[in-house]
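A quick write-up on the structure given underneath.
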Amino acid sequence: MNIGLISHEVLETSQRITVTAFSDIAHYLIANPVISIFICLALGYFIGKVKIKSFTVGATVGTLLVGLLISLILKGAGTYEIDGTVKTIFFSLFIFTIGYEVGPSFFASLKKSGLKIIVLSIFFAVVAFAVSIVLFKTFDIGAGEAGGILAGSLTQSAILGTADSTMKGMLSGTALKTAESQMAVAYALTYVFGTIGVVVFLRNGASKLIGANLTDTVKKKIEQTNFHESSSENTVVGNIKARAFCLEKGAELIGKTIGSIEEQYDDSLTIIQILRDGKQVNLAPDVQLLEKDTVMIIGLLDAVLNFEASGMEETNDSEALRLNVVKQEIVLTDNFSLDVIKNLSENGIVISERMRDNDILPEEEELKALDHLILVGPKAAISKAVKKLGYVKDTGTETDISFISIGLVVGLLIGAISFVVSKIPITLGSGGGALIGGLLFGYYQDRHSNYGLMPKATRWFCKSVGLNLFIAIVGLTSGASFISAFQSMGLKVLLIGILVTILPHIASVYFGRFVLKLDAVDIIGAQCGAGTCTAALNGVVEEYDSSIFAIAYTPGYAMGNILLTVLGPLVVAICIH
């Protein structure tokens, strides 16, 4: 028997089995795209976490690359045909949530002194639009390429959805599939520089263009604004302390009344319990402290430390420390004078934070309807105060699906409105409409916090999975023509993307400094927001060890999300004609 012949036959048989098995798997995946979509999400999120020094490609780019690769590998077995309705549903959830989150800060920005930041953000978007149109027309860039370049260069992935919606309304058949493939490839090619380029420019180059020493400017800005680094929710709670003390002989507070002591500490400290001979004393402003009293206080850390320094001896008596203290965020339903603070203090409640339109409210400011107060104190006292002041802000875990769905319906109907300018049909499309719906309903929910709750975890899921499921479908349906699209675009798209990334930022730096007279901190913070580049904000915050850039970032980010997203349909419509 010829062993060599047998080995050859075994090898051929195993190869046929392997090819057949691969073919069967490929056909199965093509016929069941749901499995492929979840493979894209699984691998895309994994790739997105991989760090190259301090840079990560992110889940969106990772998911797109996996989708393109799977589609390319399985090309011989056919192409993915996935109902566009699925993309629309998930992208609508994503973009509505973006609007829902930025709505309160967007409308608040329009009313505040941050008008110059708004103007700078609008200027950035206008320049980005102008630069894009000039380059796209000069180099004969098609609609798909234009949408992808714009989305990648400006790191605004939402443009992919709004551009795709417009292309579906104006193209069909092979032309639509080609445009969608080109959009995916152009986005993948331009996104990396769109992120890294902006981070490096705003962190290291922008201030040099206008001759500013950013380190000195940051210090001066902090001094001028009396800026304090923002605290997390846990830090705020950690700054509120409850302690118990015994009044030993000779303590300076013996004989003083509760009211005079709290006034001495500017109401940043409250006496919430007095034990005398083992029994609780009924509290009132005119009640005097006596020797051997056990006094429990609650207040800000500095005030508690000062109280301790006045001759007190701390006790760990479990009875003295037994108190049900809670933290509650409430929304005011009317205007209140500063006397409300004194009244709260007399009931053992400390106001740990006051907010208006998501900003910290100065202590001397009168309280107005819709202001938010974060109260810390005895549960019973807070419950009583809430009835007089307003209502508890709902921070539960259950999403108001009816509210969100109505918001989406309103938004999608707005997006369906279309009008013609110079023979070009202008429409927001489903994506732009959902964004407007999110803005309006997010703003309403902020004003009526007991309606329309969308918890943080739900918002994260809708934003992250909503976008990336849409991106997975884009990758799977575009990968088959990836090679041909890349060969026809290649270096030209990359170079155009670099210009679209950098030129608007350069122009905005000069406009902000010499026209709007803003300092370098506000300019850079605003441009991080206007360009929706959170990575750039993180970069400058780390470089200069201050989050003061976030002051200008917030209104800029709100405007950038809206304006750049709306640019998608407009640019694509122009490039089709």
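Past the 21 angstrom mark, what percentage of all C-alpha to C-alpha distances in segment 430-499 do you count?
Roughly 53 percent, once rounded to a whole number.
Take peptides 275-282, 406-413 and line them up by average Cβ neighbours within 10 Å, highest first, as a rough protection proxy.
406-413, 275-282
Could you sort the peptides 445-452, 499-506, 187-194 by per-residue average Cβ neighbour count (10 Å cutoff), highest mean leading?
On the way: 445-452: 16.8, 499-506: 20.9, 187-194: 24.2.
Top to bottom by mean Cβ count within 10 Å: 187-194, 499-506, 445-452.
For segment 484-535, with every protein chain kept in place, what is the accessible area per residue (1.4 Å probe, Å²)?
Solvent-accessible surface per residue comes out at 37 Å².
What's log10 of I(q)/I(0) for segment 23-155 at q = 0.13, 0.18 Å⁻¹, Debye sum over Cα points only, no solvent?
-0.87, -1.23
Calculate the radius of gyration of the Cα atoms of segment 78-219 to one decimal place, then report Dmax, the largest Cα-Cα distance, as a whole number, both in Å.
Calculated on Cα positions, Rg and Dmax stand at 18.5, 61 Å.
Tally Lys/Arg at +1 and Asp/Glu at -1 over every other residue whose Cβ is under 11 Å from the Cβ of residue 96; what's the total?
That sum, taken over residues with Cβ under 11 Å, equals +1.
Mind listing the phi-derived Karplus ³J(HN,Hα) values for segment 69-82, rounded to whole Hz, using 6.51, -1.76 and 1.60 with θ = phi - 60°, and x for any glycine or proline?
5, 4, 4, 5, 5, 8, 3, x, 8, x, 10, 6, 10, 10
Where does each of 65-71, 152-158, 256-262 land if you order them by average Cβ count within 10 Å, highest first?
Per-residue mean Cβ counts within 10 Å order the peptides as 152-158, 65-71, 256-262.
Rg/Rh for segment 146-188: what does it come to with C-alpha atoms and Rh from Kirkwood?
Using only Cα positions, Rg/Rh for segment 146-188 is 0.96.
Going down the table (116/463; 256/368; 49/327; 279/379), which pairs top 25 Å between alpha carbons? Before the final figure, lay out each step's value.
On the way: 116/463 29 Å; 256/368 34 Å; 49/327 35 Å; 279/379 20 Å.
In this structure, 116/463; 256/368; 49/327 exceed 25 Å between Cα atoms.
The values are calculated or read from the model by the stated rules, or taken from the named source; none is laboratory data. Here the structure is a predicted model, which means the values were calculated and not measured. Please note: Cβ atoms are built from the backbone with ideal geometry, for glycine as well, and neighbour counts cover all protein chains shown. Each accessible area value is taken on the protein alone, full model and side chains, heavy atoms only, with ligands, DNA and RNA left out. Shrake-Rupley method; radii C 1.70, N 1.55, O 1.52, S 1.80 Å.
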